[in-house]
1. Within segment B:208-230, is even one residue surrounded by 24 or more Cβ atoms within 10 Å (Cβ to Cβ) and within 14 Å of another protein chain (Cβ to nearest Cβ)?
2. Output the number of residues of segment A:334-350 satisfying the condition of being surrounded by 24 or more Cβ atoms within 10 Å (Cβ to Cβ) and at the interface with chain C (Cβ under 7 Å from one of its Cβ atoms).
3. For segment D:299-326, which residues satisfy the criterion of being among the hydrophobic types (A, V, I, L, M, F, W, C), facing chain A (nearest Cβ under 10 Å) and under 16 Å from residue D:393 (Cα atoms)?
4. Scan B:29, B:18 and give me the residue that is assigned by TED's automatic domain parsing to the domain that holds residue B:91, modelled with pLDDT of 95 or more, under 28 Å from residue B:200 (Cβ atoms) and loosely packed, with under 15 Cβ neighbours inside 10 Å.
5. Out of (1) within 12 Å of chain D (Cβ to nearest Cβ); (2) assigned to a helix (DSSP H, G or I), the odd one out for residue A:325 is which?
6. Determine whether segment A:91-98 contains at least one residue that is part of a loop (DSSP other than H, G, I, E, B) and in the same structural domain as residue A:25 (by TED's automatic domain parsing).
7. Quick check on segment A:105-119. Is at least one of its residues small (Gly, Ala, Ser), surrounded by 20 or more Cβ atoms within 10 Å (Cβ to Cβ) and assigned to a loop (DSSP other than H, G, I, E, B)?
Amino acid sequence: MNFDLTDERQMLQDSLRRFLTDRYTTQVRNDILNSDTGYSAEIWTQLAELGIIGALFTEDQGGYGGAGFDIAVVFEELGRAGVVEPFLDSAVLGGGLIAALGTEAQKTLLEQVIDGSLLLAFAHGEPASRYDLSHVQTTAKMQDGSIVLSGRKAVVVNAEAAGFLIVSAREDGAVMDQDGISLFLVPADTPGLSLRGYPLLAGGRAAEVELDNVSLRASSRLGVAGQAYPVITERAAAASVALAAETLGAMETATVLTRDYLQTRQQFGRPIGSFQALQHRMADLLIELEQARSAVINAAGHLEGEPYQRELHIAAARNLVARTGRLVSEETIQLHGGIAMTQEYELAHIAKRITMADHRFGDADYHLEQFIDLSTT
Amino acid sequence: MNFDLTDERQMLQDSLRRFLTDRYTTQVRNDILNSDTGYSAEIWTQLAELGIIGALFTEDQGGYGGAGFDIAVVFEELGRAGVVEPFLDSAVLGGGLIAALGTEAQKTLLEQVIDGSLLLAFAHGEPASRYDLSHVQTTAKMQDGSIVLSGRKAVVVNAEAAGFLIVSAREDGAVMDQDGISLFLVPADTPGLSLRGYPLLAGGRAAEVELDNVSLRASSRLGVAGQAYPVITERAAAASVALAAETLGAMETATVLTRDYLQTRQQFGRPIGSFQALQHRMADLLIELEQARSAVINAAGHLEGEPYQRELHIAAARNLVARTGRLVSEETIQLHGGIAMTQEYELAHIAKRITMADHRFGDADYHLEQFIDLSTT
Amino acid sequence: MDLSFSAKEQAFRAEVRGFLADKLPPELAQTVRDGRGLSKDTYERWHALLNEQGWLAPNWPKEFGGCEWNAVQRHIFEDECCRAHAPRIVPFGLSMLAPVLQKFGSKQQQDHYLPRILSSQDWWCQGYSEPGAGSDLASLKTKAVRDGDTYVVNGQKTWTTLGQYANWIFCLVRTDPTVKQQAGISFLLIDMDTPGVEVRPIILLDGTHEVNEVWFTDVRVPVENLVGEENKGWTYAKYLLTHERTNIAGVGFSQAGLAAVKRLARSQMHRGRPLIENPHFAARVARAEIDLMAMSTTNLRIISGAAKGQAPGVESSMLKVKGTQIRQEINDLARRAAGVYAMPFASEAVEGSNESPIGPEGTTHVAAQYFNNRKLSIFGGSNEIQRNIIAKVKLGGGA
Amino acid sequence: MDLSFSAKEQAFRAEVRGFLADKLPPELAQTVRDGRGLSKDTYERWHALLNEQGWLAPNWPKEFGGCEWNAVQRHIFEDECCRAHAPRIVPFGLSMLAPVLQKFGSKQQQDHYLPRILSSQDWWCQGYSEPGAGSDLASLKTKAVRDGDTYVVNGQKTWTTLGQYANWIFCLVRTDPTVKQQAGISFLLIDMDTPGVEVRPIILLDGTHEVNEVWFTDVRVPVENLVGEENKGWTYAKYLLTHERTNIAGVGFSQAGLAAVKRLARSQMHRGRPLIENPHFAARVARAEIDLMAMSTTNLRIISGAAKGQAPGVESSMLKVKGTQIRQEINDLARRAAGVYAMPFASEAVEGSNESPIGPEGTTHVAAQYFNNRKLSIFGGSNEIQRNIIAKVKLGGGA
């Protein structure tokens, strides 16, 4: 039993934290939020050079990490700084799916993903699917040796910036069957693919994706026809580790900002942190924060484990972190008062990151239900 | 719209409160708790003379009240004083069922019920029924002109002291059918009826009741064969008004005791009520108490209303009061500290009354489920 | 005890409902129902319609052109307006300043300002909070120094709601810095066109421009703009705060919000069934509804008392806390119900664009509203201040 | 990061498990599992079995006859004992007094008292709290006045757990009333057979006799019973309090409790299905289990740090609060699961009668335990005191 980071991960954490503290200031980040692209190409490249994307891939895949704990270390730091750049979508999801299913030819894309020159997006969710991973209505049909995709994909994060979209479509079965789902590598400029882009409340951009008889070569399929579901769930689990760790980092920042504010803000002639009611609420937040940290450790540590344990700990962590996240974001805003209601104050953005993480790959109730289903089987 | 008590109910409240303040002291009550009978025959008689039982019956029935607001006024006061005497079981349930279903001959018993000389108990729940009112396995069979009851009844409150048990039994249908359930008036000394009595954690006594071929005259049936269920639900609703009001009264006492204790108990050189963390928790309790008061008013006001509205408001009130009750009982104990952990301190008993009310006629979750079912139909 | 409204009250409700059905423009109601931000024009249009009916000032005495409705009537009016998705009446002039002028203002001030409030000639905003004086309002620093027939005002106000629309501001200013905090404060009316007044927007975390900073640099205000006596402003401010507290529970807003949550949860599918049928979500909705049913009765209890002349005391603080908790919980339910479609940032839509929304109906603004309504427990006397008040009354202890 | 135990630690776990399988009497385990109260004999029998194995003092240095296990080993031992439903080791002599004697006691005191603790010759209890000194322990008033070779002790202690079984009590007493509270306190060992010592039972709200008042009237205590220096007792008391805090999270108790809740909820039927399948109840259980999984890891993180020599600081306070919240929540789940059968008061059963229980298996004690365990967040440093400690460390503010 050992809860210390390895030296490599400690270095990764230190260098990432140093970079973000120096370069990813509130002002820089707020400018990114107001930009048309929703992310900074410059910072993206610099972080790629720092090896942050590589840390999310195994050595086999061309990186030097890729395990649950690597994801957790990276995303905790991204969360601390409220980073909006598309590490989750391009690397953990997009790159991760290619790494898991791609042919050698397809995997050559990973080098560009890792060096930051190629961005990806995962076009999976659909307007009616909510958080159900098997709810795929988009169809893929063979036609004269080509694959033809038709359907709609909802809230595809980072779609506009992506060179390729990884699109899920059904080759067989009914809408909610786990069997019959395939993944396809779709170049952004493929005819029939159209995007309606928009900004996201917590930063970054997404798009509604329309697939109108998108015709692809047969070699665009990732992996075996109709067998993508287990890999989708595995990558959704990795995304959940990332989201939970990001939320943990964001909660650390929220509590640090609040601690500092309580120590300095004066009302009634003394720092508001000297009022016991606020002290006790702060103490409760710190207690829950340690719970969240443990939940993230459990989830990260089981990401490479057998699927049942993995899913159980993912569900537990996402549920706990979602509950804690709501408490921390609401309470830290309340403990601040008005200042935290302003867009330019750091906590405003951090609170949005925390809350909106609850809307990706399942919210608190979704994961509670998953946990109940798993623990009664 | 008028939220004032009528003059009659105001007088009822005043006289009952005065009597209980003077006579039902902590010491008196604790002696009752330690007694073999679990209630005080003397106080029972005095309260009957004061008209408290009569207030739970309509004029037609020989009383002078009987509406939801009468039940609420009486039980709020009983709850304030932590009264353990069997008003719910003998009057609201036992007497109420006879009044609703009885023949003129059967109703002659009501006079004794109201003057306190006859006690009743409602033997309905069974070992496997939990809170389901239609879950009746006990059977009633006609045999040579007699009715023969067989089965077991669980946690029948006040069974030992009762002159008659009102026993539910199935004459027709499957275990959970609403149709087919009848009620029978069973004299306590009927052969085949046996009790295993025991004290209850929150005061009073109950018994496991065994019905081993209990033979009754046909005139023992209350109402029409197999049609008792609607009346049972109506009386369960009345019982719920009583329990919610009792809990409200108990919570008032719990918060008053806590307020007094916070004002007098000194730690660190000042009254603990001067610590802001405790002040804010006390403020939250008082806010929830007002919510509970409103919920009781809603339930009481709809008891004579049409069944859908009645059941909706009953479910809402029981759920809210159960949630508030848990908060208030746990928080008031915590705000006191050790003293509230001792059996002889008033709050210990009050907290038990609050908590154990959640185990009669449905707990918080049961009523939440009822509310959901009703509000989606 | 009688939980039903009297025949007279029911008739009044019918009258209000009829008016709203006739006169409230449907596109205006739709904007409110969608949770979109309202323009100055929209507010003024609604004010004009109400004024025409004589209903713009429910709480004013008749002598000033008000309805002089009692608490129950006002409740019925507000309730019906919420149900009909009418815009709220902007309170700064009508509900906040006017009662102060009616009670403490000079005849001249009453004659001049009150009609201009009713006619929308003047749009008022409130200058109370300052950067260093939030919960501790009495520590305010904006000062007014008497110089002949004028006060010279210097300082800064903040959280000034809809200040960007206003041409007048009523301010608490410090006129005597030598005495105990509350004692040296005066209540001043300031024309915002006066040189030296500057309004700077504050963008809230959901991207909306609702509040502002108002800066005063050597702003000269005629002494006749002083309300009541110099250095007595705190008394008037406290009077105003009790008047601000009508409809503090926000029952109507919560009812409309909960209805919207249910509509959304009936259309959103989860595991092949409507979300509303999911027991975990249904439990959240049910608890909120149960809480709201109780609070609605608490509200009526207090209103009923007020209509009989009982002064609401600590109950206002209780309603403020519980009311905001329920509204915020409903906002949280709405963002949950929206699922992935809570994520888009509909900044254009907030500002009133006509582009089609991104997600299904009812999802567009839920996350922004969730964040925006965190303000409910902060502004207007934070819930912590309310708990202090409750504890002080009930425990008699200091903070 | 490595979440699994080392091979060596796993071997140790197997050894403990083997011992418990062999030596823990099944009827004793059943008593614990049923939640019934334990007699003095039962405790002593279990202590003797552990002592025979050399495992009665996991935390003592080897020189005093202890195991000198590290934090991870102690955790594994406690974990296995909980799983096997072994009685707890009574902590007053072994975990509380002994570390103080080992660090601050004289050689004579160590040689005399420590073996008698291991052999159960002496049964110790704790004399800390007083009626007027609960959370504010340092305000204690029991005084010891030097009179030749003895101290004369007068005063009253309270909440003395299992004092009715004890023949010795270690006490904090005031030896100098003229100095600041903490400065005048001494640590004294008192033979409870001395004239003037009186033990009066306190019956807790669930009817159990666990705690006592201990009264001292002119009790003469030899000066050699003073531990360390006069007026330095507060230092020793604080040292003791950090040692009292092993297994503060109560993970094992919670795991056993949650397993019992699940067993009960599988057998209780609701609407024709096992209660465990009811989504509302299942949600409560799942949240408790999720919280417990996380806390278990928090606990291991701290233990793992402690095994490397890191001193647990504010983390102990965090574990105390969260650990008691989870245990109390599980107690609440158990009483809910029991339904109507939570109502009977099984006083006889608590005392260890053999009559058949009234309700189904697992329902008899749940309500009594729910109430009894309200103490968890009150005694041993209330959760409010723990929050003060956390705030002091993290915010640096006073209370």
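1. Yes, segment B:208-230 contains a residue that is surrounded by 24 or more Cβ atoms within 10 Å (Cβ to Cβ) and within 14 Å of another protein chain (Cβ to nearest Cβ).
2. Residues that pass the stated criteria total 2.
3. Matches in segment D:299-326: D:314, D:318, D:319, D:321.
4. So the residue among B:29, B:18 that is assigned by TED's automatic domain parsing to the domain that holds residue B:91, modelled with pLDDT of 95 or more, under 28 Å from residue B:200 (Cβ atoms) and loosely packed, with under 15 Cβ neighbours inside 10 Å is B:18.
5. Against the list (1) within 12 Å of chain D (Cβ to nearest Cβ); (2) assigned to a helix (DSSP H, G or I), residue A:325 comes up short only on (1).
6. The answer is no, given that none of the residues of segment A:91-98 is part of a loop (DSSP other than H, G, I, E, B) and in the same structural domain as residue A:25 (by TED's automatic domain parsing).
7. Yes, some residue in segment A:105-119 is small (Gly, Ala, Ser), surrounded by 20 or more Cβ atoms within 10 Å (Cβ to Cβ) and assigned to a loop (DSSP other than H, G, I, E, B).
Per-residue answers, yes or no, for (1) touching a helix residue (DSSP H, G or I) at 6+ places or on another chain (Cβ under 6 Å); (2) modelled with pLDDT under 95; (3) surrounded by 24 or more Cβ atoms within 10 Å (Cβ to Cβ); (4) not assigned by TED's automatic domain parsing to the domain that holds residue D:364:
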| position | (1), (2), (3), (4) |
| --- | --- |
| D:300 | no, yes, no, no |
| D:305 | no, yes, no, no |
| D:308 | no, yes, no, no |
| D:311 | no, yes, no, no |
| D:315 | yes, yes, no, no |
| D:329 | yes, no, no, no |
| D:337 | yes, no, yes, no |
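The values are calculated or read from the model by the stated rules, or taken from the named source; none is laboratory data. Given the structure is predicted, the values throughout are model-derived calculations rather than measurements. Neighbour counts run over all protein chains shown; Cβ positions are idealised from the backbone, glycine included.
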